[in-house]
Amino acid sequence: MRPFDYTRATDLEDAAHHLSSGSTVIAGGTNLLDLMKIQVMTPDHLVDITRLPGLSDIEDTGSGLRIGTLVTNSDLAGDTRVRNGYPVLARALLAGASGQLRNKATTGGNFLQRTRCPYFYDTAMPCNKREPNSGCSAQGGDARMCAILGTSPECIAAHPSDMAVAMRALDAQVEVRGADGETRMMALDDLYHLPGDRPDREYALDKGEIIIAAHLPAPSPNTRQTYRKVRDRASYAFALVSVAAVIEMGEDGKIANAALAFGGIGTRPWRDPEVEKELIGSEPSNELFAKAADVLLRDAWLEESNAFKAPLAKRTLISALRDVTGLSGQDHYDMGDAA
Amino acid sequence: MKISLSVNGTQHSLEIEPRVTLLDALRDRLKLTGSKKGCDHGQCGACTVMVNGRRVNSCLSLAVMHEDDEITTIEGIGTPDELARLQQNFVECDGYQCGYCTPGQIVSAKAAIEEAKAGWPSYVSPTLADMGELDDEEIAERMSGNLCRCSAYPGIRQAIAKTAKEDA
Ligand SMILES: Cc1cc2nc3c(=O)[nH]c(=O)nc-3n(C[C@H](O)[C@H](O)[C@H](O)COP(=O)(O)OP(=O)(O)OC[C@H]3O[C@@H](n4cnc5c(N)ncnc54)[C@H](O)[C@@H]3O)c2cc1C
Ligand code: FES
Ligand code: FES
């Protein structure tokens with residue numbers, strides 16, 4: 001690690017002051033320090049926000065939950081309000097990393113973690129995200145962990161978070177505090193830029209801005225929720241494909257509402273209203289789910305080394321929807337038919 | 001920087017650079033070499049210690065961030081003359097071969113048993129309300145952050161199951 005200065009912020013004002021003059025926030029440190037060790041990130045100055053008061057609480061606001069940025073992934077997954085009201089989020093958190101890492105990983109740090117594209121980690125290789133205009137080694141290279149949706153000719157890196165995928169399906173908002181002390185709310189989707197021709201610009205945060213909380217709307221008691229993650233080993237691995245599904249069934253047996261978000265396949269936690277439109281108002285069926293998957297994948301950009309993600313995403317989506325709508329209890333379905 | 005660290009109930013004063021990880025401070029400065037460095041990137045769990053009762057990877061944390069925290073390492077869990085039950089059970093169940101991952105496994109297991117007692121579900125728990133029994137599958141999932149190059153996993157899981165049962 002390169003040498004750096006370290007400051008423990010005394011309050012948000014103090015943190016903002018340091019950030020405005022170019023410091024980098026350290027929270028759990030599980031992503032930042034990892035990248036500093038291999039000199040992919042080389043900040044000169046770290047400002048430690050972990051001792052700031054008031055950022056570690058989960059509050060019931062009457063219209064949902066306000067989750068302080070320092071709430072750890074394990075505390076969030078263990079919270080009974082989250083387990084009861086937002087099971088898709090509890091499951092997504094528990095699907096991520098390990099017991100040790102979840103004890104340190106914070107809510108804000110999880111949102112802002114960097115990609116797991118192997119070339120972003122390898123400073124000897126070109127990577128437009130790490131070094132603008134150097135090229136993209138993943139295209140034509142090892143793109144197993146890379147995205148197939150939202151890609152650009154400059155970058156196909158996937159956003160690796162599980163938590164953010166569930167938060168997307170739940171319509172989470174992010175509360176951000178500016179250098180001037182003003183706070184603003186933004187939809188989680190707006191936090192993430194698509195790579196376009198500037199894949200190095202990942203997050204819509206201005207200089208001096210800090211995430212202070214995530215907000216979830218009130219839980220809808222009639223929804224059925226699931227998080228399905230497919231990975232290279234049974235645990236402690238990033239998603240190849242993941243699906244967060246929040247479905248509301250009508251009394252007529254039709255799908256009344258659907259919110260679907262995807263991990264492992266998007267350059268940001270992925271959500272596509274067209275997929276949801278395909279489902280809403282229809283009776284659950286394997287054909288319907290397959291059609292929704294085709295809509296999801298209509299613009300997929302496939303590399304030789306990650307083309308498998310298209311059929312895998314299709315099958316994972318069908319399987320998650322079968323479970324959450326109750327279809328899996330009624331018939332047998334051969335996933336081979338979904339290829 | 002001058003900092004003070006509380007490890008296994010003893011207060012230590014240290015003069016260190018901000019870039020020193022908690023793991024390196026423990027091993028190289030305080031000579032508590034029980035905690036091991038496997039990968040130095042949060043991928044193996046050999047460096048697992050407890051901070052205020054919670055298990056964490058000490059390789060992915062800065063020592064300067066842990067003033068006022070209570071740190072527990074394998075040295076604080078038991079000694080060769082006075083093994084903790086969990087350590088004794090690792091011996092009895094053959095929960096290791098070369099032993100390199102073992103300190104991390106034991107610290108992690110101790111915390112994992114507490115987490116289960118507190119009712120925290122895991123990814124494989126059938127419902128989020130109640131995790132049910134700490135069976136083999138639950139233990140494997142909860143311990144997935146600790147790799148064992150010798151693949152002593154069956155013995156490790158047995159030792160943990162045995163300890164959890166004796167504890168209950
Ligand atoms: C081996 C391993 C396996 C993993 N597996 C998974 C997995 O399966 N699924 C998954 O989702 N994640 C996984 N992770 C990633 C892990 O979830 C993240 O490292 C963690 O969530 C980051 O949180 P942190 O608090 O440690 O962030 P830090 O490392 O402290 O910060 C990350 C970034 O966010 C910035 N930041 C942090 N807080 C704020 C704030 N409040 N305002 C503004 N900027 C801020 C920092 O400046 C930094 O750039 C894994 C990590 C490791 C090491
Ligand atoms: S040395 Fe810390 S996890 Fe491997
Ligand atoms: S006993 Fe050798 S690595 Fe686990």
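Sorting B:22-35, B:96-109 by average packing, meaning the other beta carbons within 10 Å per residue, from highest down gives B:96-109, B:22-35.
The A-B contact accounts for approximately 3400 Å² of buried accessible area, totalled over both chains at a 1.4 Å probe radius.
Among the residues of B:13-20, the average count of other protein chain beta-carbon atoms within 10 Å of the residue beta-carbon is 3. Other residues within the sphere of radius under 15 Å centred on the Cβ of A:T107, judged by their own Cβ, net out at 0 (K and R +1, D and E -1). Per-residue shielding of A:28-36, expressed as the average number of other chain Cβ atoms within 10 Å of the residue Cβ, stands at 5. Taking each DSSP H run with n ≥ 4 as -39500 (n - 2.57) and averaging over every residue of chain B yields -8500 deg cm²/dmol at 222 nm. Helix A:309-325 and the longest principal axis of the Cα set of chain A meet at an angle near 70°. When a/c is below 1.5 the answer is rounded, else prolate if a/b is larger than b/c, else oblate, so apply that to segment B:54-165 with a ≥ b ≥ c taken from the square roots of the Cα gyration tensor eigenvalues. It is oblate, given that a/c is not under 1.5 and a/b is not larger than b/c.
Residues whose amide H comes within less than 5 Å of that of A:A147, counting only those at least five positions distant or on another chain, are A:A157, A:A158 (H built at 1.01 Å from N in the peptide plane). Taking the C-alpha atoms only, the angle from helix A:286-296 to the longest principal axis of chain A is near 30 degrees.
Between the Cα long axis of helix B:102-117 and the first principal axis of chain B there is an angle of about 60°, rounded to the nearest 10. What does the C-alpha gyration tensor say about the overall shape of segment A:253-339? Classify as rounded when a/c is under 1.5, otherwise prolate if a/b is larger than b/c, or oblate. Oblate, since a/c reaches 1.5 and b/c is not below a/b. Would chain A count as rounded, prolate or oblate if I go by the C-alpha gyration tensor, calling it rounded below 1.5 in a/c and otherwise prolate when a/b exceeds b/c, oblate otherwise? Oblate, since a/c reaches 1.5 and b/c is not below a/b. Working ranking of peptides A:296-303, A:225-232 by packing, defined as the average number of other Cβ atoms within 10 Å per residue, highest first, is A:225-232, A:296-303. 3J(HN,Hα) along segment A:247-252, derived from phi through the Karplus expression 6.51 cos²θ - 1.76 cosθ + 1.60 where θ = phi - 60°, amounts to 10, 10, 9, x, 5, 7 Hz, with x in place of Gly and Pro.
Scoring A:326-333, B:143-150, A:129-136, A:173-180 by mean Cβ neighbours within 10 Å over their residues and listing the highest first yields B:143-150, A:173-180, A:129-136, A:326-333. Accessible surface for A:H45 stands near 50 Å², nearest 10, in the context of the full protein assembly shown (1.4 Å probe).
Mean partner shielding of peptide B:60-67, defined as the number of other chain Cβ atoms within 10 Å of each residue Cβ, is 6.
In chain A, helices alone account for a calculated mean residue ellipticity at 222 nm of -7500 deg cm²/dmol, with every DSSP H run of four or more residues adding -39,500 (n - 2.57). Over chain B, Cα pairs under 8 Å with separation of 6+ residues give a relative contact order of 23 percent. Counting heavy atoms of the protein chains alone, A:R201 has an accessible area of about 140 Å² for a 1.4 Å probe. Around A:A204, which amide H atoms from residues at least 5 apart in sequence, or from another chain, sit under 5 Å from its own amide H, with H modelled in the peptide plane? Amide H to amide H, under 5 Å and 5 or more residues apart or across chains, A:A204 pairs with A:Y192, A:H193. The amide H of A:I212, built 1.01 Å from its N in the peptide plane, has A:E175, A:V176, A:R177 as neighbours under 5 Å, considering only residues 5 or more places off or on other chains.
The values are calculated or read from the model by the stated rules, or taken from the named source; none is laboratory data. Quick caveat, the model's predicted, so the values are computed rather than measured. Cβ: placed from backbone, ideal geometry, glycine included. Neighbour counts: every protein chain shown. Side chains included, ligands, DNA and RNA excluded: accessible areas come from the protein's heavy atoms. Shrake-Rupley method; radii C 1.70, N 1.55, O 1.52, S 1.80 Å.
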